[in-house]
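**Student:** What follows is a single structure, and I will ask about it in a moment.
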Amino acid sequence: MNLLASPLAIVGLGYVGLPLAVEFGKQRPVLGFDINAARVAELQGGHDHTLECSAGELRAAAHLRFSHDPADLKACQVFIVTVPTPVDTANRPDLTPLVKASCTVGAALKKGDVVIYESTVYPGATEEVCVPELEAASGLKFNQDFFCGYSPERINPGDKVNTLTTIKKITSGSTPEVADAVDALYRQIITAGTHQASSLKVAEAAKVIENTQRDLNIALVNELSVIFERLGIDTLDVLEAAGSKWNFLPFRPGMVGGHCIGVDPYYLTHKAEEVGYHPQVILAGRRINDNMARYVARNTIKRMLQNGLDVPRCRIGVLGITFKENCPDIRNSKVVDMVREFEAWGAQVVVADPWADPAEVRHEYGIELCRIDPANPVDALVVAVGHHEYRAMAPADLRALCRNGQPVLADVKSLYDRHVMTGAGFSVFRL
């Protein structure tokens, strides 16, 4: 089977799908498909609001065209599905976008077509959830009339060093022949090379454990941070000392949000419980990480109370709402949990972020972004995200944003020298 000359469609043009469409579009005809007409219009105009692809990169993809019309998919023979796979409010996998995308692709399927999934799922989801939808919508038979592959995305939003082509790609297929063809397809664009997994399930499992491992390591240092706070020890001092050993892993404490680390473990634990095993270590790590935003808020409030501040009459400024630095992605931002905790204490909270889209923040979280400036000072300042704009702020700049007295500075990412900030008049808390 040769997929190298087959008409190709990328279904879903977000942080994962667009870079993929652009890379393939430099070499071969590609249809970039998304149900969001506004997103398609934006890309047709040469702009990507996610900042994953520049206008120049979009222009370089000379063979890429965009559409929101499902009828255009019928001309394609290879479909790569890159839609989101979030969790619901009870942290259960929400496969609705994946199911809908499978139905849309299924309606366009023909004999000999191949559907490759990149969306993060639990082991077995492609064959157990997606394939039945493809069969029902197409009237075709899996591994007889059409075939599937799975190649998990490894996009790191905002990272301009470790990009799509420079990260080794896991590939797999529903038959040995298809596995080879899918691997050859990705080797067209992935300069770092590929790793061909032995089955779809192995590839699916590899994706979820990559982020589960990171989640657990961060949970460990978060728990250490809680312990060290009670012992009166600075966590960063401890980590820097321990890091002098060659094999110490350099994880740092923090609020774990986003679309991967804070979500993927729930896909694995969901499947584990489905087959009769209740994960203990993974879920313990999730509980720790899911509670860190409230932990930061409560420690900030504790210091405000110790400084004699009346919290319900105070104004708390929060710098940053995206889930990571230098990136506009606000999905599953744990900063929002922190804001809600401050509001539950009766404080007025003002949030600023130069990277986030105000309309998107308003729509997703009901939070109005604003400026935090000396003309409207705050009583406590939380630097929640390590955007380079905040890293560059001098102690006097931060202090000017606060009222007189001894304001609290919650330096969540340990961006600043705590001794310098204490000397600038802050009561400092950091993880």
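**Student:** Any idea what angle helix 96-106 forms with the longest principal axis of the chain, computed on alpha-carbon atoms, 0 to 90 degrees, nearest 10?
**Tutor:** 20 degrees
**Student:** Relative contact order for the range 83-140: what is it in percent, counting Cα pairs under 8 Å that are at least 6 residues apart?
**Tutor:** Worked out over the range 83-140, it gives 41 percent.
**Student:** Filter the cross-link list LYS168/LYS413; LYS74/LYS110; LYS26/LYS111; LYS334/LYS413 down to pairs whose alpha-carbon distance in this structure exceeds 20 Å.
**Tutor:** LYS168/LYS413; LYS26/LYS111
**Student:** Pop out the ³J(HN,Hα) list for the range 398-405 in order, Karplus 6.51 cos²θ - 1.76 cosθ + 1.60 with θ = phi - 60°, rounded to Hz; leave Gly and Pro as x.
**Tutor:** Running phi through 6.51 cos²θ - 1.76 cosθ + 1.60 with θ = phi - 60° gives 5, 5, 5, 7, 10, 6, 5, x Hz.
**Student:** Treat every Asp and Glu Cβ in the chain as -1 and every Lys and Arg Cβ as +1, leave all other atoms uncharged, and give the resulting dipole magnitude about the Cα centre to the nearest 20 debye.
**Tutor:** Dipole about the Cα centre, nearest 20: 640 debye.
**Student:** Show which aspartates and glutamates lie in cross-link reach of LYS245 when reach means a straight Cα distance below 20 angstrom and same-chain residues fewer than eight apart are skipped.
**Tutor:** Qualifying aspartates and glutamates at Cα under 20 Å: ASP234, ASP237.
**Student:** Sticking with this structure for a sec: Aspartates and glutamates within cross-link reach of LYS271: Cα-Cα under 15 Å, excluding same-chain residues under 8 positions apart?
**Tutor:** Result set, ordered by chain and number: ASP94, GLU127, GLU128, GLU204.
**Student:** Under a Cβ-Cβ cut-off of 12 Å, what is the net charge of the residues other than THR96 that fall near it, where Lys and Arg count +1 and Asp and Glu count -1?
**Tutor:** -1
**Student:** For the chain, what is the percent of antiparallel DSSP beta bridges, rounded to the nearest 5?
**Tutor:** Values: 2 of 44 bridges.
Close to 5 percent.
**Student:** Expressed in nm to one decimal, what extension gain is obtained for the pair GLU360 and LYS168 from 0.36 nm per residue of sequence separation less their Cα-Cα distance?
**Tutor:** My answer for the length gained is 65.9 nm.
**Student:** Below 9 angstrom from the Cβ of GLY386, what's the summed charge of the other residues (Lys, Arg +1; Asp, Glu -1)?
**Tutor:** Around GLY386, the surrounding residues sum to +2.
**Student:** May I pose another question? In whole angstrom, how long is each semi-axis of the equivalent ellipsoid of the chain, when you take the square root of 5 times every eigenvalue of its Cα gyration tensor and sort them from largest down?
**Tutor:** Three semi-axes, in Å: 43, 23, 19.
**Student:** Below 8 Å, C-alpha to C-alpha, sequence gap of six or more: please give me the relative contact order for the chain in percent.
**Tutor:** 11 percent
**Student:** Can you give the FRET efficiency for LYS111 and ALA71, using 1/(1 + (r/R0)^6), R0 = 22 Å, r = Cβ-Cβ distance, to the nearest 0.05?
**Tutor:** Between LYS111 and ALA71 the formula returns 0.70.
**Student:** Here's another thing I want to ask about it. Placing +1 on the Cβ of each Lys and Arg and -1 on the Cβ of each Asp and Glu in the range 40-117, which of GLY46, PHE66, CYS103 has its Cα farthest towards the positive end of the resulting dipole?
**Tutor:** Highest projection toward the positive end goes to CYS103.
**Student:** Using +1 at the C-beta of Lys and Arg and -1 at the C-beta of Asp and Glu, which of VAL339, PRO312, ALA352 has the Cα lying farthest in the positive direction of the dipole of the range 279-375?
**Tutor:** Ranked along the dipole, the leading option is PRO312.
**Student:** Packing-wise, with mean Cβ within 10 Å as the measure, how do 265-276, 99-110 rank, highest first?
**Tutor:** The most tightly packed comes first, giving 99-110, 265-276.
**Student:** Now, a different point. Taking Cα centroids, how far is the range 122-185 from the range 223-261 in Å?
**Tutor:** Rounded to whole Å, the Cα centres lie 36 Å apart.
**Student:** Moving on. What is the calculated FRET efficiency for ASN217 to ASP310, with r their C-beta to C-beta distance and R₀ = 35 Å, to the nearest 0.05?
**Tutor:** Efficiency at R0 = 35 Å is approximately 0.35.
**Student:** Accessible area per residue for the chain in Å², computed with a 1.4 Å probe and the full protein assembly in place, what is it?
**Tutor:** 43 Å²
**Student:** Continuing with the same structure: Of the heavy-atom accessible surface of the chain (probe 1.4 angstrom), what whole percent is carbon and sulfur?
**Tutor:** Reported share for carbon and sulfur atoms: 53 percent.
**Student:** Once both labels are modelled 7 Å past Cα along the beta-carbon direction, what's the ALA375-THR422 spacing in nm?
**Tutor:** 3.6 nm
**Student:** Identify, among TYR295, LEU283, ILE261, the residue whose Cα sits farthest towards the positive end of the charge dipole of the range 254-308, taking +1 on the Cβ of Lys and Arg and -1 on the Cβ of Asp and Glu, with the dipole about the Cα centre.
**Tutor:** The residue sitting farthest along the positive end of the dipole is TYR295.
**Student:** For GLU389, put the label point 7 Å out on the Cα→Cβ axis and report which residues of the range 317-340 keep their amide N under 12 Å from it.
**Tutor:** Of the residues in the range 317-340, 319-322, 326-328 have backbone N under 12 Å from the label point off GLU389.
**Student:** If you don't mind, another one. To the nearest 10 degrees, how steep is helix 200-231 against the longest Cα principal axis of the chain, on a 0 to 90 scale?
**Tutor:** The answer is roughly 0 degrees.
**Student:** For ALA272 paired with ALA242, estimate the spin-label separation in nm (one decimal), with each label point 7 Å from Cα along the Cα-to-Cβ line.
**Tutor:** 2.2 nm
**Student:** Grab the beta carbon distance between GLU128 and LEU283, set R0 = 30 Å, and tell me the FRET efficiency rounded to 0.05.
**Tutor:** According to the calculation, E is roughly 0.85.
**Student:** What size of dipole, in debye to the nearest 20, comes out for the range 375-431 about its Cα centre when the only charges are +1 on Lys and Arg C-beta atoms and -1 on Asp and Glu C-beta atoms?
**Tutor:** Once rounded to the nearest 20, the dipole reads 80 debye.
**Student:** Here's something else I'd like to know. Using the per-residue mean of other Cβ atoms lying within 10 Å as a proxy for protection, in what order, highest first, do the peptides 374-387, 238-251 fall?
**Tutor:** In decreasing order of mean packing, 374-387, 238-251 become 374-387, 238-251.
**Student:** Count charges around ASN326 for me, please; just the other residues with Cβ under 14 Å from its Cβ, Lys/Arg as +1, Asp/Glu as -1.
**Tutor:** Residues close to ASN326 contribute a combined charge of -2.
**Student:** Output the peptides 313-321, 18-26, 210-218 sorted from most to least packed, where packing is the average of other Cβ atoms within 10 Å over each peptide's residues.
**Tutor:** Those peptides, ordered most packed to least, come out 18-26, 313-321, 210-218.
The values are calculated or read from the model by the stated rules, or taken from the named source; none is laboratory data. Since we're looking at a predicted model, the values are computed, not measured. Because the Cβ atoms are built from the backbone with ideal geometry, glycine has one as well, and the counts that use them run over all protein chains shown. For accessibility, only protein heavy atoms count, side chains too; no ligands or nucleic acids. Shrake-Rupley method; radii C 1.70, N 1.55, O 1.52, S 1.80 Å.
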